[in-house]
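A.B. asks: Would you mind keeping the following structure in view while I ask a few things?
Every number in this text was worked out from the coordinates using simple rules, so none of it is lab data. As the structure is a computational prediction, the values presented were derived from the model and not from experiment. Here the Cβ positions follow ideal geometry from the backbone for every residue, glycine too, while neighbour counts run over all protein chains shown.
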Amino acid sequence: MRITLKACLPFSLYSTVRSHGWHQMAPFSFNTEPLVLEYVLQLESGTIAQLEISETADGVRARTEESITSEEKKELKQKVTWMLGLDRDFSSFYRLAHDEPKLARMEAKAQGRVLRSATFFEDVIKTILTTNTLWAATKRMNQNLVEQFGTPVKKGSSQKAFPTPTRLARTSEDVLRKETRLGYRAPYVLELAESIKKDDINLESFKNSDLPTEQLRKKLLTIKGVGDYAAANLLNILGRYDYLPIDSWALKVVSFEWYNGASIGKKEVETAFEHWGDWRGLAFWFWDWSYYKKSEKESDVEM
DNA sequence: GGTAGACCTGGACGC
DNA sequence: GCGTCCAGGTCTACC
């Protein structure tokens, strides 16, 4: 089965996929030759579809070998549109970015979209796994979650979908802590899965919520394991750019950019992007950091 | 509202 | 191979 979807132009599959590290996390995988994004998607009906998404002249083509119903096809279209932000229009931001040398490239590279998971639940769990740990450990915890609790494409297949809240709610904190190696994050993941199962929280409604960003942020902060950084990161994923995800990396690159490497706090980061108003999260996310130019120069010397 | 300490894993390092 | 140190956000208790 194949579907083609049009994107609001400009669009680049490569730029969207490489917008952050999600493409390195199961059930995503990404090949550059040829350019294909793979994802194991679990539909509402329970059907598992192994998707191969490639770029077309004006959008994407999604292919799966599984036969699916017309209702499932409709859901698949909605999910792919959401994951790649195909309907997102960044023209107002591009007009502002043209005058900023650190962002002026964005329109030509069709940057602005961030890769999202099929469900907001998956994005919240993955964000919790990024906190207070190294990237390698985040990937390992996520891999363990998918391997241990994900539904396979076919019986015996190693390709599995991200676990559903219902499936995770059936496990125990002890298993998540010791076997999935989530450590102190285990009760947070379990509590969230249980809350969704009991309908205490509907994370998927956050995708198209009319609530003001501040109220949405407050709701996110009620989730155990989601603090200021994680909430801002999740708001950016939802397309709300009013908050900056300030972690230790942000302090480092902003300090290098404007404070000559001196020790700084959150306030300095916020001040640096204040004038971008409602777009500040997006400007921050795609800023062309001098810190990396310096690193490249140093590695050039070493070579 | 601000701050200190605990939480937990895994990589780096020294022995 | 073993032990120690450190980095990484959030939570909770306390002031």
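A.B. asks: Using only Cα atoms, tell me the angle between helix A:70-84 and the longest principal axis of chain A; keep it within 0 to 90° and round to the nearest 10.
C.D. replies: 20 degrees
A.B. asks: Follow-up. Out of the stretch A:124-154, which trypsin sites (Lys or Arg not before Pro) are coil in DSSP terms and have no more than 15 other C-beta atoms within 10 Å?
C.D. replies: Loop-located and lightly packed - A:154.
A.B. asks: Additional query: So what's the back-of-envelope 222 nm ellipticity for chain A, counting only DSSP H runs of four-plus at -39500 (n - 2.57) apiece and dividing by all residues, rounded to 500?
C.D. replies: The per-residue figure over chain A is -13000 deg cm²/dmol.
A.B. asks: Ok, one more. Compute the orientation-averaged projected area for chain A from the convex hull of its Cα atoms and round it to one decimal in nm².
C.D. replies: Projected area, direction-averaged: 17.4 nm².
A.B. asks: Mind checking the full-extension length gain between residue A:91 and residue A:61? Use 0.36 nm per residue of separation minus the Cα-Cα distance, one decimal, nm.
C.D. replies: So the chain would gain 8.4 nm between residue A:91 and residue A:61.
A.B. asks: Cα axis of helix A:248-258 to longest principal axis of chain A: angle in degrees, 0 to 90, nearest 10?
C.D. replies: For helix A:248-258, the angle is close to 30 degrees.
A.B. asks: Also: What value in Å³ per residue do you get for the convex hull of the alpha-carbon atoms in the stretch A:172-303?
C.D. replies: For the stretch A:172-303, the hull spanned by Cα atoms encloses 152 Å³ per residue.
A.B. asks: Given a Förster distance of 25 angstrom, what is the FRET efficiency for residue A:219 paired with residue A:252, based on the Cβ-Cβ distance and rounded to 0.05?
C.D. replies: E between residue A:219 and residue A:252, to the nearest 0.05, is 0.25.
A.B. asks: Tilt of helix A:186-197 relative to the longest C-alpha principal axis of chain A, in degrees (0 to 90, nearest 10)?
C.D. replies: Around 60 degrees separate the two axes.
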